[in-house]
1. With each pseudo-label sitting 7 Å past Cα toward Cβ, what's the I17-I82 distance in nm, one decimal?
2. Any aspartates and glutamates with Cα under 19 Å of the K5 Cα? List them, leaving off those in the same chain fewer than 8 positions away.
3. For region 1-49, what log10 I(q)/I(0) values come out of the Debye formula at q = 0.13, 0.20, 0.26 1/Å, with one point per alpha carbon and no solvent?
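Derivation of every value follows stated rules applied to the coordinates shown; laboratory data play no part. Just so it is clear, the structure is predicted and the values come from calculations on it, not from any experiment. Note that we place each Cβ from the backbone using ideal geometry, even for glycine, and neighbour counts take in every protein chain shown.
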Amino acid sequence: MVKMKGLSRGFVWWPNIDKDTEGAVRNCEECQELANNPACAPLHRWEYPSFPWQRLHIDFAGPVQGKMLMVVIDAHSKWPEIFLLKKLLARYTICLPAWDSLTKLYQTVHI
Ligand SMILES: [Zn+2]
């Protein structure tokens, strides 16, 4: 939209050209179809890890009864480890107590 308005203003100008351009695009069926189809991002396929705990997938779930869960999945075996977190994590991506538990359990945890 920004590019189209800039291009239009490079050739012609009238009062409310931006507003009129937006309206024309909004009412154009072809423009709307293209706008809803962003360019496809190339798929990135993870290589299958050759041994357990070589790569972990970590995410948070919850809140469940006021608590957050840190879910750790081993990419090789799909084994889940779930840690109950005592407080909500808004800004932290790794919970250190849970991380300590993981390293005690498996000794070699690589990021
Ligand atoms: Zn159009």
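1. Taking the simple label geometry, I17 and I82 are separated by 6.0 nm.
2. D18, D20, E22, E29, E30, E33
3. Values, matching the q order: -0.46, -0.75, -1.00.
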